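Student: Structure incoming, see below.
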Amino acid sequence: MRTARQRVHRREACRARRHGRAESALPVAPHVDWLSGATAPPPRPERQAPGPIVRRGGPAPPLAVRWAPRWFWKDPGSRVRPGAGEMSGLLHTTLSGLNSDSYCEISQYRDQHFRGSRQLQEKSLKISSTLYVGNLSFYTTEEQIQELFSKCGDVKRIVMGLDKIKKTPCGFCFVEYYTRADAEHAMRFINGTRLDDRIIRTDWDAGFKEGRQYGRGKTGGQVRDEYRTDYDVGRGGFGKIIQMQKANHQPAIY
C-alpha cells in the first residue's frame with residue numbers, strides 16, 4: 001500500500017508534468033520499508049554511458065531498393081545499364097581531352113626518310129628533345145633562334161637548314177634541348193609566335209642525323225619553296241621553279 005506521503009508525491013509529479021516542469025526537480029520521497037517501517041534514503045541513480053544516437057521513431061530502416069527498371073532485374077549478376085559502355089567511353093574521351101596538352105602532342109607528319117620501322121619512329125618522337133622549326137626567314141640568324149628558344153630552357157645545339165647547292169640558309173632549322181621538359185615548354189609557348197615578322201611553327205623531330213640539314217627540293221632548297229606562286233620577300237620571292245619558268249618565257253631584250 002502507498003503511504004500518504006507517496007500519494008502526495010505522485011500527485012505533485014502528475015501536476016508538474018501537466019505544467020511542463022521537470023520531474024527531477026520535485027523532492028523525492030524517502031523509501032519506507034513496509035515490514036519494518038524503517039526509512040532509508042532513496043537510491044542514487046546510476047550514471048549510464050551515452051548510447052548510440054537513435055533517430056526519432058526508432059532505428060533507421062535498412063537500405064533497400066524499392067524500385068528499379070526492368071533491365072536491372074533481368075540479370076542479377078550484371079548491374080550495368082545498356083549503353084553504359086558507350087557513355088563511359090565518351091566520358092573517358094572527354095576527360096582525356098581536358099587533361100591532355102594539345103600543344104605537346106605529336107602531329108601526323110612522319111619523315112619518309114627515317115631509317116627504321118614505324119614503331120621505332122613513334123617511340124623516338126615520344127622521347128625526343130629535338131624540335132623542327134619551320135617557316136623561318138632566309139635572313140634569320142642562329143643567334144636570333146638561340147635567343148628565342150633559350151627562354152624555355154638550355155639549348156644543346158642548333159642546326160641551321162641549308163640550301164643543298166648554295167649552302168645558304170633555306171628557312172628551317174633543328175633545335176635540340178638537354179631535356180624533354182624544356183622541349184615541351186618550347187612546343188607550348190614558342191610554336192606560333194613571331195620571329196623576324198614571320199609566324200614560325202615547331203614540331204617534334206625523331207632526332208637529327210647528318211645530312212638532314214640540307215633541303216630536299218630539286219633546286220637545293222625546301223620543296224615548299226619551289227612551286228610557290230605568291231611573292232615572299234623573306235623566302236626568296238617567288239618559287240624557284242616558277243622563277244625559272246618565267247625566265248625561260250621572258251622575251252629577250254636587244
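Laboratory data are not the source of any read-out in this text; all were calculated from the coordinates shown. Owing to the predicted nature of the structure, the values given are computational and were not obtained by experimental measurement. When we count neighbours, we look across all protein chains shown, and the Cβ atoms used for this are built from the backbone with ideal geometry, even at glycine.
Student: Using modelled amide H (1.01 Å from N, peptide plane; none on Pro or chain starts), what sits under 5 Å from the amide H of Tyr214, excluding residues fewer than 5 places away?
Tutor: It is Leu162, by chain and number.
Student: Please go through the residue pairs Lys164/Lys209; Lys167/Lys218; Lys123/Lys218; Lys167/Lys209; Lys166/Lys209 and name each one whose alpha carbons sit more than 26 Å apart in this structure.
Tutor: Lys123/Lys218
Student: Using the 10 angstrom Cβ neighbour count as an exposure proxy, how do Phe172, Phe208 rank, fewest first? Numbers along the way, then the final one.
Tutor: Working: Phe172 21, Phe208 17.
Taking fewest neighbouring Cβ atoms as first place, the list is Phe208, Phe172.
Student: Sorted from largest down, give the three principal axis spans of the alpha carbons of the range 118-214, whole angstrom values.
Tutor: Principal extents (Cα only, largest first): 35, 29, 20 Å.
Student: How large is ³J(HN,Hα) for each residue in the range 126-141, as worked out from phi by the Karplus curve 6.51 cos²θ - 1.76 cosθ + 1.60 (θ = phi - 60°), to whole Hz, x for Gly and Pro?
Tutor: 6, 10, 6, 10, 10, 10, 8, 10, x, 6, 7, 6, 5, 9, 6, 8
Student: What is the set of long-range amide H partners of Tyr178 at a cut-off below 5 Å, with H atoms built 1.01 Å from backbone N?
Tutor: Long-range HN contacts for Tyr178: Asp154, Lys156.
Student: Under a 5 Å amide H to amide H cut-off, with H placed in plane at 1.01 Å, what residues pair with Gly237 once short-range neighbours are removed?
Tutor: Asp232
Student: What ranking do Val159, Val223 get, fewest neighbouring Cβ atoms within 10 angstrom at the top?
Tutor: On the way: Val159 16, Val223 12.
Final ranking by Cβ density, sparse to dense: Val223, Val159.
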